[in-house]
1. Tell me the residue from SER63, SER78, SER106 that is farther than 27 Å from HIS466 by Cβ and without any contact (Cβ under 8 Å) to a residue 40 or more places away in the chain, please.
2. Taking the residues in segment 505-538 that are of a type in the set (S, T, N, Q) and part of a loop (DSSP other than H, G, I, E, B) as candidates, determine which candidate is surrounded by the fewest Cβ atoms within 10 Å (Cβ to Cβ).
3. Suppose we keep only residues that are part of a strand (DSSP E or B) and touching a Phe, Trp or Tyr at 6+ places or on another chain (Cβ under 8 Å) within segment 613-631. Which one would you say is nearest to HIS192 (Cα to Cα)?
4. Which of (1) part of a loop (DSSP other than H, G, I, E, B); (2) at pLDDT 95 or above does VAL542 not meet, given it meets every other one?
5. Could you list, in sequence order, all residues of segment 637-696 that are polar (S, T, N, Q) and without any contact (Cβ under 8 Å) to a residue 24 or more places away in the chain?
6. Among residues belonging to segment 401-421 that are under 22 Å from the mean Cα position of the chain (by Cα) and part of a loop (DSSP other than H, G, I, E, B), point out the one that is nearest to LEU503 (Cα to Cα).
7. Just for segment 191-239: of the residues that are part of a strand (DSSP E or B) and aliphatic (A, V, I, L, M), which one is surrounded by the fewest Cβ atoms within 10 Å (Cβ to Cβ)?
8. Could you tell me which of the residues THR610, THR547 is of a type in the set (Ser, Thr, Tyr) and part of a loop (DSSP other than H, G, I, E, B)?
Amino acid sequence: MRDKSVWYGKAEISPTHPVMAGSYTTWTTTYTVGRYCMDNGGRIRFLFRWCSDAGVPQNTDPSADNYVTAFTSNPAASVLISFLPKGGWRPWFKCIEFEIKDDSLSEGDQIYITLGDTSKGSKGYLAQSFVESDFHWLIEVECFETGTWIGLEHNTVIPIIAAEPYRLVGLSPSIGMVGQLCYLIAKCEDIHGNPVDSYQGKMTISVERVEHDTVYECPHDQCQGPRSHCFTAADRGTCRLEEYRFTQPGLYRFKIEGEGLPHNHTVSNVIVIRAEPSLLQLFWGDMHAQYSNALGAGSVEEAFCFARDCGGLDFIGHQPNDFQFHNEGWEEAKQALRKFHVPGRFIPFLGYEWSGNTPAGGDRNVHFLGEDGPLHRSSHWHIPTKCDEPMDRYPLDELYKTFKERKDVLIIPHVGGRRCDISRYYNSELEPVLEICSAHGRFEWLLREALENGYTVGVIGASDDHTGRPGASYPTLKSFGTRGGLAGIYAEDLTRQGIFAALRARHTYATTGERIGLYVGTADGKLMGDEWDDTVIPIIQVNVTGTKPIEQVEILRNQEVVYSHPIFRKDDFDLGLIRIEWGGARIKSRGRETDWNGSISVEGGIIGETRVFAFDHPKQGIVEQDENHVSWVSTTSGDHDGLILNIKGSPQTIINFESDQGKSRATLAEIWNGPLRKECGGVGQYYMMRLQPKVSGPYAIELSWKDNEPLPGRNAYWVRIVQEDGEMAWSSPLYFNNTQPRTRGVEGVAQQIIRGVEI
């Protein structure tokens, strides 16, 4: 075999020291031409992973970000530079191509390439925003202008490390019991959501009691445990303290303050401490993420370790795209599964993503109960070795047939690049739940579509993370414009069998990434996901504990809102405090992101303090502002963003809204009588102007509600929660089949409000 470096050349990259995530840097590559030489029209190219959100290279503006230059040691030869977002091959899609023009290059000639040339004012090349221990790019050459590319043998690895310490995050279980040990996970993150290994500040801890809309520090005798911790190098930015013990039932949370941080305090999610044990416990997991054995970054072991220690998860899935997933990766996953599986502590599930195209069924996650399982791919499209191609199952019906009547397999439809098609393909025995939110966006429409088709399904959230951060996935590039979701599951115990049984029973709910506590059941013991026939109308009970104040609690019946819990009174609103909100998606499939870049201008008034609402990415938000004008950058993928403006004016003051999706003009008086909402097509695209409450809602709400006029036949009751920060949760429906003939009566009303707000 020929020595590649002799015949095809070699590349040297500098520098190779670690680079901070999201920072600007400069990398130089010197390529020395091999014995084959390089003809006029020959090319060299750099291939980057698709999941990387590093800067988009350009060679037209030397003062702008990501400026790329290239020249050769032969003065007669020039270099044409092109950036091709999908010029490579999966997962190395992103391609910078350098074509030799005007002359040829001989053996020993060199090409000098600079990513992030700062010589004419550019800040450099923007590194990706997430940590990766073995970040690198591939280098390929095409010496003869034939279209055949040869990869060079270079092993340059440039670790991407966390940026500067920025904030603390606290995680705890959502349910505990008096006298039972309880843990707190505290971690220091950079602005991009990466744990900062180098943080070594002191953290102080207090415990707060939550009484619906009141929070106060509770005495030490109500919670025993450490009140401080000094991070050491061994902590690597994350610690787990397990010595807490509560002495009284109630709602609690940890308050954490850390040294030397721009955002130096935070609170954990709320913990419900019960006096007695309950049959079901609430566990948190992420059943959908990809790693470096497919389209993502990081090894399976690295991801499982992150999920357990940094994400604070109870269970995790393994879901590589099957058409590029090699058998070696399958063995890697099984080994990691056995290594990390500890019943009662951390449960990893073996699986893969069946990735057939949408007309053949679309994306489905396959999960196995055991530590082994048959790998029935949708295809071998991107796998060179075809020896096990007869194992493929396509279209989705063939996979259903193979797994028919198996109780150790679950399939979860989801919306990623390819969206699932549940109208044409759905199996009630194998597919008990749907994934309705992920880093790809928010997909409430998928649940609605299932209900329209008469399916009995539950819901979960998941991350579909590709950045090595399952359970704590933050937005990156445009395709991952939202935070990854989480699955809340009520199970008897933290075992594979317990989690599987809960998924089959649909005792699940979805959140957009926060540990929002949500219980939806009936007064006679039914739990979300249950299905039953009866002539007795159920009393629905809803308990919510927010990680931020709760802004909206709605009960939906099938497709319509039948009850909206009153949280704010009339005098809770300030007539000058206005929310401008927008959201939705362009389409259901890939490329669904909606651009909302726009502005607000005011006539006859002044814009005072302005703050953002529910923006996901640190690079989006307000870009310009003065007393009459605000402009912003925003994209949504089924989620919502917005601004809250303090406007000084009169009833005749005019607000002009202008964005890529439409324009509106309204007076403050019209908004006071609103809200004013405009539908913009697509998948739930809208924008809205309305009053914003000047006070926050409660952290906890308990309510009971009875529908006094249920529909004959099926009534699917589900709950939607929105917090003050825009984070959301959705329950699996309660499926009440009303066998009593319909009688005339009033619409559904609240029968009982427990510690709620006056109606």
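1. On the way: SER63 fails: without any contact (Cβ under 8 Å) to a residue 40 or more places away in the chain; SER106 fails: without any contact (Cβ under 8 Å) to a residue 40 or more places away in the chain.
Only one candidate qualifies: SER78.
2. Kept after step one, since they are of a type in the set (S, T, N, Q), are these residues of segment 505-538: 508, 511-512, 522, 535.
Applying the additional criterion that residues be part of a loop (DSSP other than H, G, I, E, B) yields 512, 535.
Numbers: THR512: 27, THR535: 8.
Filtering first and then ranking leaves THR535.
3. Let us first name the residues in segment 613-631 that are part of a strand (DSSP E or B), namely 613, 621-626, 629-631.
In the following step, the residues that additionally are touching a Phe, Trp or Tyr at 6+ places or on another chain (Cβ under 8 Å) were identified as 621-623.
Working: GLY621: 15, ILE622: 18, VAL623: 19 Å.
It comes out as GLY621.
4. It fails just one condition, (1).
5. So the first thing to find is which residues in segment 637-696 are polar (S, T, N, Q), and the list is 637, 646, 650, 652-653, 656, 659, 661, 664, 667, 673, 685, 692, 696.
If the condition is that a residue be polar (S, T, N, Q) and without any contact (Cβ under 8 Å) to a residue 24 or more places away in the chain, then THR667, ASN673 are the ones that fit.
6. This residue is HIS414.
7. Among those that are part of a strand (DSSP E or B) and aliphatic (A, V, I, L, M), it is VAL215.
8. Values: THR610 fails: part of a loop (DSSP other than H, G, I, E, B).
The conditions single out THR547.
The values are calculated or read from the model by the stated rules, or taken from the named source; none is laboratory data. The shown structure was predicted, so the numbers you read here are calculated from the model rather than taken from an experiment. Every residue, glycine as well, gets a Cβ built from its backbone with ideal geometry; the counts of neighbours run over all protein chains shown.
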